[in-house]
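The values are calculated or read from the model by the stated rules, or taken from the named source; none is laboratory data. What you are looking at is a predicted structure, and each value in this text was computed from that prediction instead of being measured. When we count neighbours, we look across all protein chains shown, and the Cβ atoms used for this are built from the backbone with ideal geometry, even at glycine. Ligands, DNA and RNA are excluded from the accessible area calculation, which covers all protein heavy atoms including side chains. Shrake-Rupley method; radii C 1.70, N 1.55, O 1.52, S 1.80 Å.
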Amino acid sequence: MKKNTSKNMRAVSAFRDADHIGDLLFDALTETTRFAVSHDGRVELLEKWMLGSGECLVPISPENNLLKHRAVLLPAEPMPCGSVAELVSDVGSYIDRYVDLSPRFKTIAIYYVLLTWLYDAFNELPYLRFRGEPGSGKTRALIVVGSICYQAFLASGASTVSPIFHTLDTFRGTLIFDEADFRFSDEKMELVKIFNNGNVRGFPVFRAVQNQQKVFDPRAFHVFGCKIIAMRHSFEDRALESRFLTEEMGQRPHRKDIPLNLPDCQAEEAQVLRNRLLTFRLTHLATAHIQPELASDKLSSRMNQILVPLLSITEDEQARQAMLEMALSVETAHATEKSVLPEALLLDVLRDLLSDQTGDTIPLSSITAQFQERFGADFERPITARYMGSLVRKRLHLTTYKTKGVFVMPRSELSKVESLCQKFGVGQS
């Protein structure tokens, strides 16, 4: 919300209290903005909203640059959405007309769209990603799916950081981000903050903003919300990687029935679906809630954290099963990748040494020698005690200390090593 020139007027894109849900509408034909306000099952269209305190809320101006240039996509009016099953079917048909997704991921994409319209009922969220080489269809998928998400804000890697912060803070919608393989380290660092902070409620990003007196004041920017990105590669940060549900694009032959160029009717279809999805939001947001019993003991805590909100808005059991199967396949692939990391190989050595040898400590030299014997041929770099010590202390955060001139690891670290083995999938079939 931003203060207008009038003391009691605030231009807003959406608002919510105990009894009302209000969302911004933008009609491109008449170039007008207004609110759709839901209360006691009724929806009113209002040009302004009077609060009980006497303060008046007005919608963001239709002259807003982001609205005029379709950088932020909004519904024009609430339309009957039908049953949830009908809406799911129509969203799936729309996606299938323009994008070729694997069956399980298409199910995830459909319900992710619905999740974007109910995201503020949850405290943690997953991100969606389309990954592939140029020409694989990832940008097409981003546009098609992103166009029907809640208050979708379309940006790319060519954008500077500041307007992205401001737009997310103002509209609090879904960030649709293309070309997320950032070239410049400063831009990458700032944008990664959005992704790192944006999937858990309560972690705004703080930036210094110049006020009217030319003084830089700290300001918290709201970045929580759903995000869909397209990129060629992966993020280096494994913690950030774990927030994404990913579709690998370009792995199937091109479907002849999918147009090479998006027709104008796609934007019109997306507008109608946004109108219907607004009604879905107004009628379902008040009852949407997390269902922790849907967590699976076959999945990691992180995967359950991001998947359960998606499962919570999914009523169809077949769809839930498809999501769980895909999540399990992702976890298996991650476990395979982690099991060949130097840290995982070292844990295999540490577990055996700490379990088999006698004494209270294990010399770092013995750890290095055992690692060299088992895995030295797989590494181009020399396996030195310094390298092993760095892995032990900085990557695995295990304790070593120096005694009688040599570094050793105490046997008391065995419990930590066993816990880390589970995390890295060491010794698991």
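Checked against (1) open to solvent by 60 Å² or more (accessible area, probe 1.4 Å); (2) over 20 Å from I148 (Cα atoms); (3) without any contact (Cβ under 8 Å) to a residue 60 or more places away in the chain, L294 passes all but a single condition, namely (1). The residue that is farthest from the chain's Cα centre (by Cα), counting only those in the range 233-257 that are surrounded by 14 or more Cβ atoms within 10 Å (Cβ to Cβ) and part of a loop (DSSP other than H, G, I, E, B), is G250. The single condition from (1) within 22 Å of the chain's Cα centre (by Cα); (2) modelled with pLDDT of 95 or more; (3) over 29 Å from M9 (Cβ atoms) that G137 fails is (2). Determine whether L115 is assigned to a helix (DSSP H, G or I), closer than 25 Å to T314 by Cα, touching a Pro at 6+ places or on another chain (Cβ under 7 Å) and among the aliphatic types (A, V, I, L, M). So L115 fits the description; yes. If you check R201 against the conditions, is it among the basic types (K, R), within 28 Å of the chain's Cα centre (by Cα) and open to solvent by 40 Å² or more (accessible area, probe 1.4 Å)? Yes, satisfied. Within the range 371-392, residues that are free of Cβ contacts under 8 Å to residues at least 60 places away in the same chain have Cβ atoms under 7 Å from residues that are open to solvent by 30 Å² or more (accessible area, probe 1.4 Å) and of a type in the set (G, A, S) in these pairs: A385/S365, counting only partners at least 6 apart in sequence or on another chain. Is it true that some residue in the range 47-70 is part of a strand (DSSP E or B), open to solvent by 80 Å² or more (accessible area, probe 1.4 Å) and not β-branched (V, I, T)? Yes, the range 47-70 has at least one match. Scanning the range 258-290 for residues that are touching a residue at least 24 places away in the same chain (Cβ under 8 Å) and in a loop (DSSP other than H, G, I, E, B), which turns out farthest from I229 (Cα to Cα)? Restricting to residues being touching a residue at least 24 places away in the same chain (Cβ under 8 Å) and in a loop (DSSP other than H, G, I, E, B), the top hit is A286.
Any idea which of (1) over 30 Å from R395 (Cβ atoms); (2) part of a loop (DSSP other than H, G, I, E, B); (3) of a type in the set (A, V, I, L, M) is the one V223 doesn't satisfy? Tallying (1) over 30 Å from R395 (Cβ atoms); (2) part of a loop (DSSP other than H, G, I, E, B); (3) of a type in the set (A, V, I, L, M), V223 fails exactly one: (1).
Looking at E77, is it of a type in the set (D, E, K, R), over 19 Å from W117 (Cα atoms) and open to solvent by 50 Å² or more (accessible area, probe 1.4 Å)? No, not satisfied.
Here is a yes/no grid of residues against (1) within 15 Å of A14 (Cα to Cα); (2) free of Cβ contacts under 8 Å to residues at least 40 places away in the same chain:
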position	(1), (2)
E31	no, yes
F35	yes, yes
G41	no, no
L45	yes, yes
C56	yes, no
I60	yes, no
L67	yes, no
A71	no, no
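Here N304 passes the criteria (1) of a type outside the set (A, V, I, L, M); (2) at negative phi; (3) not in a helix (DSSP H, G or I) except the one numbered (3). Among the residues making up the range 297-318, those that are surrounded by 19 or more Cβ atoms within 10 Å (Cβ to Cβ), farther than 27 Å from R42 by Cβ, out of contact with any strand residue (DSSP E or B) (no Cβ under 9 Å at 6 or more places or on another chain) and modelled with pLDDT of 95 or more are L311, T314.
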